[in-house]
Amino acid sequence: MATPYRIQLEIYEGPLDLLLDLIRKQEIDIRDIPISRITGQYLEYLHKLEQLDIDISADFIYMAATLIYIKSKMLLPPDPQAGPEEQLDPRADLVHRLLDHEKFKNAAQMLYQKQQIEEHVWSKPDRSLYEGDAAEGEMVVSLVDLVKVFQQVLERRKEVVKIELRHEQFTVAQMMEQLRKQLVASEGGIELVAFFEACPSRHAMIVAFLAVLEMVRLQAVLLVQQQLFGEIWLRKHKMFDVVFSGGEGMEQPMKQINEQYL
């Protein structure tokens with residue numbers, strides 16, 4: 001009896017995960033992607049999915065169209081009459097999205113590993129995750145809870161297929177400033193899920209997640225719950241005003257934060 005033909009194919013959560021895997025396995029400089037080669041490999045993976053009769057999500061198809069568009073742009077000779085914006089590297093937006101996505105994955109993986117260690121080691125818990133100036137009746141939640149909430153919102157965003165030809169770009173510093181203004185305008189704080197869901201794109205959501213991480217690290221905000229398993233809220237930490245009291249003096253720290261995510 002003949003041995004059945006077997007195909008082993010890696011499964012990816014989204015097109016950015018697939019692209020990152022292709023880039024890292026071949027040790028390619030993410031800022032200088034050989035777009036023709038990567039596009040061919042990406043399309044080859046989609047063809048294998050078709051051969052196995054596996055449904056391909058709209059996200060993967062949209063990314064394929066994006067790669068082909070970038071490839072075609074790079075094959076055209078530069079227009080000498082084009083303005084500065086039109087002469088930008090066609091890969092720039094994709095590179096920016098890949099770098100943001102990789103940083104989110106690294107942060108999520110780090111926090112997941114910390115969670116696994118805490119669940120399998122019987123020891124005195126790390127109270128630094130839970131200490132803060134929560135109001136009476138509130139509980140301060142950990143960064144692990146932040147990651148869980150963000151992953152849930154990100155999964156729901158996947159279910160809503162929205163084709164966007166252009167993505168408005170945000171920096172972490174810009175998102176931190178946006179969050180600061182919302183907290184100043186809101187006495188009771190901001191619901192974490194609502195903050196993430198208000199983001200116009202997955203890219204903006206990832207930047208928002210990184211901004212929240214930075215503000216927690218700076219002790220500018222607290223993550224709190226009014227009851228166990230309840231909604232998580234962002235509230236001003238007692239150090240909030242101190243962190244943002246620099247005015248123009250905050251420009252250099254914000255610049256350094258942006259440089260960390262370039």
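Checked against (1) more than 21 Å from ARG202 (Cβ to Cβ); (2) of a type outside the set (Ser, Thr, Tyr); (3) not in a loop (DSSP other than H, G, I, E, B), ASP21 passes all but a single condition, namely (1). Hey, could you check segment 31-71 for residues that are modelled with pLDDT under 90 and polar (S, T, N, Q) and say which is farthest from the chain's Cα centre (by Cα)? Ranking the qualifying residues of segment 31-71, first place goes to GLN51.
Each row is one residue, and each column tells you yes or no for (1) buried (at least 17 other Cβ atoms within 10 Å of the Cβ); (2) over 20 Å from GLU102 (Cβ atoms).
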| site | (1), (2) |
| --- | --- |
| PRO15 | yes, no |
| LEU18 | yes, no |
| ASP29 | no, no |
| PRO34 | no, no |
| ARG37 | no, no |
| LEU43 | no, yes |
| ALA65 | no, yes |
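When GLN152 is tested against (1) modelled with pLDDT under 85; (2) outside any loop (DSSP other than H, G, I, E, B); (3) surrounded by 13 or more Cβ atoms within 10 Å (Cβ to Cβ), exactly one condition is not met: (3). Cβ separations smaller than 9 Å between residues 6+ apart or across chains give the following pairs from segment 180-196 residues that are touching a residue at least 60 places away in the same chain (Cβ under 8 Å) to residues that are part of a loop (DSSP other than H, G, I, E, B): ARG180/ALA220; ARG180/PHE244. In segment 82-96 there is no residue matching the filter, namely being modelled with pLDDT under 65, surrounded by fewer than 16 Cβ atoms within 10 Å (Cβ to Cβ) and in contact with a Ser or Thr (Cβ under 7 Å, 6 or more places away or on another chain). Among the residues of segment 199-215, those that are more than 13 Å from VAL149 (Cβ to Cβ), of a type in the set (A, V, I, L, M, F, W, C) and in contact (Cβ under 8 Å) with a residue 12 or more places away in the chain comprise ALA204, ILE206, VAL207, LEU210, ALA211, MET215.
The values are calculated or read from the model by the stated rules, or taken from the named source; none is laboratory data. The structure presented is a predicted model; accordingly, all values stated were derived computationally and were not measured. Heads up, the Cβs are rebuilt from the backbone with ideal geometry, glycines too, and the neighbour counts pull from every protein chain shown.
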